[in-house]
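Each remark here refers to the structure printed beneath this line.
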Amino acid sequence: MYNRLFSTGRIGKLDIPNRIVMPAMGVNLGSPLGGVTDDLIAYYEARARGGCGLIITEVTRIEDGCGISDPCQMAARGAGDVADLQRLTDAIHKYDTRVFIQLQHPGANHNSAITGLQAVAASPVNPMGGPVPRQLTQRECEEYVQKFVTGAFISQLAGADGVELHGAHGYLINSFLSPALNLRTDNYGGCFEKRMLFVSQIIAGIKDKCGKDFPVSVRINAEEAIAGGTDSAQAARIAKALQDAGADAINASCYSDGCIEPGTYRQGWKRHMAQAVKNAVSIPVISVCNVKEPAVAEELLEGGVCDFVGVGRGQLADPEWCDKAFSSREDEIRKCIGCLACFGEIVKLRRVKCGVNPVTGREREYANIRRDGAGRAAAVIGAGPAGMEAALVLAQRGFRVTLFDEAQRPGGTLNVADRGYGKEKITRYTDSLITQVKKAGVALRLGEKATIEAVKRLNPCGVFVAVGAEPLIPPIPGMDRRNVVTAESVLLGRAKPSGDVAVTGSGMTGLETAEMLAAAGCRLTLIEMLDELGPGMYPSVVTDVMSRILPSNPRILTGHRLDRVTPNGVEITRLADGESLRVPADTVVLALGVRPRKDLADSFKEAFANVRVVGDALKGGRILEATQDAHAKAFEFEP
């Protein structure tokens with residue numbers, strides 16, 4: 001099974017044990033001074049242990065100052081970085097996994113808030129609309145060529161199997177390659193050949209310094225969603241020129257909203273980008289195609305789309321992705337749901353976290369789990385994401401776990417969240433959790449309310465209450481009217497509004513409900529108390545869901561408070577000036593958040609001495625917060 005994924009590959013003269021590549025992803029686990037930490041080593045080592053063929057590290061700075069991309073990242077600046085990087089390469093090599101250090105300069109994307117310095121680039125152009133960078137002089141361009149070469153030599157000395165040059169995503173090398181970003185008129189700009197000179201000189205310098213057999217991969221944009229940017233034909237020409245310059249592999253990415261796609265995007269959707277590059281070159285092509293499952297990766301290889309498949313967020317969600325695929329345990333793979341919690345943490349300058357894997361970024365912290373359960377009974381009330389996470393950790397510790405849930409199918413709120421457009425990844429994540437729970441030996445008591453008496457009969461040494469939360473119904477006039485329904489009831493099909501509908505609250509649940517109602521032909525008004533839709537959500541997730549709501553021409557009222565529900569709609573107040581407004585609506589949908597089921601949790605706390613309340617039962621939040629809380633408390637639980 002998955003014969004192509006299993007097969008060995010080659011980049012230059014370097015053998016790769018399989019065709020799975022973990023592409024570069026910033027994780028903010030490095031040193032603030034630019035270096036390797038024990039947390040970063042544990043993070044990468046977990047993916048190497050899990051069977052990944054080639055790991056390409058996070059963006060690694062070649063200089064400080066305006067070369068800083070993330071506040072806590074790796075560095076390959078000079079001799080002082082060799083021993084540090086060697087610790088990482090040695091840890092990865094224990095598992096027969098190959099490692100490339102990705103060398104990067106952020107160019108116009110440098111975060112000046114970190115250093116107070118102006119960004120630099122090929123030209124004074126910022127495609128993201130931020131501060132304009134300073135154009136490099138020709139002499140500075142030559143100096144930066146040498147800095148990249150030095151970074152490669154440092155990487156080689158540290159034991160790296162190769163390097164990757166980041167020539168995509170608006171970064172420095174990309175600013176030379178892209179016709180939209182390179183407006184120069186000297187040796188480094190103008191015609192195609194001059195735009196290629198910067199990266200070609202870097203490759204030539206690396207081959208001269210490190211030897212012609214030291215592999216160099218280049219990440220490029222196969223498409224750029226900026227006016228006058230690189231298109232597929234130009235990307236193919238760039239790839240061919242890179243091959244002629246001595247590159248050993250091309251990593252095909254893009255520069256658009258789809259560069260970091262939310263969960264609604266189908267797997268493999270970027271295959272046309274990789275295919276265009278593959279058709280132009282004879283060297284291997286690495287494709288990042290939004291791959292979550294092994295079957296999709298195998299199909300891309302079989303179709304000749306690429307030579308190696310990038311599995312990035314899939315390996316954040318499950319570091320054993322590769323081993324599970326190769327040992328016929330793919331039903332146990334903890335599936336990435338595309339929630340983008342990982343990127344949401346990074347843009348806030350925090351360490352990486354994963355919505356479905358609480359251990360990501362905390363591998364060292366959770367490495368030494370105690371095996372002290374000794375078969376003692378433990379009860380978990382509620383089989384949502386928090387309950388199943390707690391049950392898995394307790395079972396791993398050796399407790400005899402019984403998991404109760406009133407529903408016939410475990411999943412809790414996951415079984416509501418998967419009802420929206422393109423949410424099948426959540427269903428698959430739920431399925432994988434159920435499989436893991438069953439294989440862990442957890443006793444499932446489904447369709448059964450966990451009474452105090454039933455739990456007492458187990459004589460548990462601890463009780464974990466993960467009963468979730470219920471929709472928040474604020475104490476304002478009109479909440480008991482027949483024209484009021486909850487977003488949950490709409491998503492589950494229990495309520496089917498039509499005509500004019502007012503959706504109050506624009507969190508993930510509110511927007512997904514609005515999306516469903518828009519598809520049903522309702523005339524929508526979206527009411528949000530804050531100034532923007534989707535508070536707390538990653539911007540591209542909001543953009544994605546709104547792309548399916550906006551064609552219905554909804555009325556959007558941000559900065560408004562819900563005051564009253566009337567028989568014919570709602571009364572709201574504009575917070576900016578206190579002006580009242582009446583909004584006509586046949587149905588009012590409440591998506592105002594959730595409230596922990598405190599009474600139920602308190603009843604168990606009164607009946608048992610050793611109780612832990614986890615997830616939404618303690619504090620409403622996302623899947624991320626629920627799983628993080630449950631894992632931590634089950635890990636630290638003292639029976």
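Observations on the structure shown:
- Packing, as the average of other Cβ atoms within 10 Å across residues, places the peptides 488-501, 212-225 in the order 212-225, 488-501, highest first.
- Partners for residue 335 among aspartates and glutamates (Cα-Cα distance below 13 Å; same-chain residues under 8 apart left out): 293, 318, 320, 424, 431
- Loop-resident sites, segment 396-453, for trypsin sites (Lys or Arg not before Pro), counting at most 13 other Cβ within 10 Å (DSSP): 449
- In this structure the chain gives 39 Å² per residue of accessible area when probed at 1.4 Å with all protein chains present.
- Where both bridge residues fall in segment 1-119, DSSP classifies roughly 30% of the beta bridges as antiparallel.
- Our compactness index for segment 552-639, the C-alpha radius of gyration over the empirical 2.2 N^0.38 Å, is 1.66.
- Set of lysines near residue 147 by C-alpha distance (under 26 Å), chain-local residues within fewer than 8 positions excluded: 13, 194, 207, 209, 212, 240
- Using R0 = 30 Å, the C-beta based FRET efficiency linking residue 111 and residue 272 works out to 0.40.
- Loop-located trypsin sites (Lys or Arg not before Pro) across segment 32-139 with a Cβ neighbour count of 12 or fewer within 10 Å are 94, with loop assigned by DSSP.
- When its C-alpha radius of gyration is set against 2.2 N^0.38 Å (N residues), the chain gives a value of 1.03.
- Placing R0 at 45 angstrom, the Cβ-Cβ distance between residue 494 and residue 227 gives a FRET efficiency of 0.45 after rounding to 0.05.
- Once the mean of 1/r is taken over each pair of separate Cα atoms and inverted, segment 161-296 shows a Kirkwood hydrodynamic radius of 15.2 Å.
- Gap separating the Cα centres of segment 601-639 and segment 216-261, nearest whole Å: 47 Å
- In plain terms, the chain from residue 531 to residue 555 could stretch by 7.2 nm, reckoned as 0.36 nm per residue minus the Cα-Cα distance.
- Added length on full extension, which subtracts the Cα-Cα distance from 0.36 nm per residue, residue 90 to residue 445: 123.2 nm
- Qualifying GluC sites (Glu not before Pro) in segment 554-639, where qualification requires a DSSP coil assignment and no more than 10 other C-beta atoms within 10 Å, comprise 579.
- At q = 0.13, 0.21, 0.29, 0.35 Å⁻¹ the log10 of I(q)/I(0) for segment 470-510 amounts to -0.28, -0.76, -1.38, -1.43, computed by Debye summation with a single uniform scatterer per C-alpha, solvent ignored.
- Out-of-range pairs (alpha-carbon distance over 21 Å; input 94/438; 292/619; 324/439; 449/598; 449/633): 94/438; 292/619; 449/633
- Heavy-atom surface analysis with a 1.4 Å probe gives the chain a carbon and sulfur content of 50 percent of its accessible area.
- Relative contact order of segment 265-421, pairs being alpha-carbon contacts under 8 Å that are 6 or more residues apart, as %: 13 percent
- Cα-Cα P(r), segment 424-577, percent of pairs per 10 Å interval: 9, 30, 28, 18, 13, 2
- Cα-projected label distance for residue 134 with residue 438, points at 7 Å along beta-carbon direction, nm: 6.3 nm
The values are calculated or read from the model by the stated rules, or taken from the named source; none is laboratory data. Owing to the predicted nature of the structure, the values given are computational and were not obtained by experimental measurement. Here Cβ is always computed from backbone atoms with ideal geometry, including for glycine, and neighbour counts include all displayed protein chains. We work out accessible area using only protein heavy atoms, side chains counted, and drop any ligands, DNA or RNA first. Shrake-Rupley method; radii C 1.70, N 1.55, O 1.52, S 1.80 Å.
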